[in-house]
Structure formats: structure tokens, C-alpha cells
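S.K.: To start, I am sharing the structure in question, which I have written as C-alpha cells.
The values are calculated or read from the model by the stated rules, or taken from the named source; none is laboratory data. These numbers come from a predicted model, not from an experiment. Cβ coordinates were reconstructed from backbone atoms using ideal geometry, including for glycine residues, and neighbour counts include every protein chain displayed. We work out accessible area using only protein heavy atoms, side chains counted, and drop any ligands, DNA or RNA first. Shrake-Rupley method; radii C 1.70, N 1.55, O 1.52, S 1.80 Å.
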Amino acid sequence: MNQRNPVTPFGWEIKQKLIEKRMDQKTFCTTYQIPASRLSNLIHGTRKAKRYRKQVSELLGIEES
């Protein structure tokens, strides 16, 4: 059975901001040229993806800790 990684606190912030903007993940990725796999990595914490983490934080107005 395939076990999914849990969503990180940063991932929940991403999801919340996307809901506030009324945008789904796919639309967000295509609009800002972010690979969907990298956004998923950020949401689930499976990879640091520092470049995209900074970009997503700036686009969505999320404070980086």
C-alpha cells in the first residue's frame, strides 16, 4: 500500500493561501512556472526546494521561519 507523507505546517499555510486566492495547485503552478512536483515537495516536506520555497513564500505572502 502506498503511504503518503503528512502535510507540514508550511504546507497547510500554502493550502490556506491558495484557498484565499481561490486558486488550485495546478493553476498556481502553471501561472507562476513552478513545477507541480516541487510544490508537492514543499507541501509534504519531502524535499527542501529552497529556490521554490522562497518564490512560493513571496507569491503567497507567507512568512518564512
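S.K.: Based on the alpha-carbon gyration tensor of the chain and its eigenvalue square roots a ≥ b ≥ c, which shape applies: rounded if a/c is under 1.5, prolate if not and a/b is larger than b/c, or oblate?
M.R.: rounded
S.K.: With a 1.4 Å probe and all protein chains left in place, how much accessible area per residue does the chain have, in Å²?
M.R.: On a per-residue basis, 76 Å².
S.K.: Evaluate the distance, in nm, between pseudo-label points positioned 7 Å from the Cα of Gln16 and of Arg4 along their respective Cα→Cβ axes.
M.R.: In this crude label model, Gln16 to Arg4 measures out at 2.0 nm.
S.K.: Under 14 Å from the Cβ of Arg51, count the other residues' Cβ atoms, weight Lys and Arg +1, Asp and Glu -1, and hand me the total.
M.R.: Around Arg51, the charge tally is +4.
S.K.: What does the helix-only formula give at 222 nm for the chain: each DSSP H stretch with n ≥ 4 adding -39500 (n - 2.57), the total divided by the residues, and the result rounded to the nearest 500 deg cm²/dmol?
M.R.: Only helices count here, giving -18000 deg cm²/dmol.
S.K.: Continuing with the same structure: So for the chain, averaging the separation of alpha carbon pairs under 8 Å that are six or more residues apart and normalising by length, what relative contact order in percent results?
M.R.: 35
S.K.: Right, another one. On a full-extension model of 0.36 nm per residue, what is the gain between Ala36 and Lys50, subtracting their alpha-carbon distance, rounded to one decimal in nm?
M.R.: Fully extending the segment from Ala36 to Lys50 adds 3.6 nm.
S.K.: Using a 1.4 angstrom probe on heavy atoms only, work out the carbon and sulfur share of the accessible area of region 5-65 in %.
M.R.: On region 5-65, the fraction of accessible area on carbon and sulfur atoms equals 50 percent.
S.K.: Placing +1 at every Lys and Arg Cβ and -1 at every Asp and Glu Cβ, with all other atoms neutral, what dipole size does the chain have around its Cα centre, in debye to the nearest 20?
M.R.: Around 260 debye, computed over the chain.
S.K.: Pulled fully out, how much extra length does the chain show between Met23 and Glu58, if you take 0.36 nm times their separation in residues and subtract their Cα-Cα distance?
M.R.: Going from the current span to full extension adds 11.0 nm.
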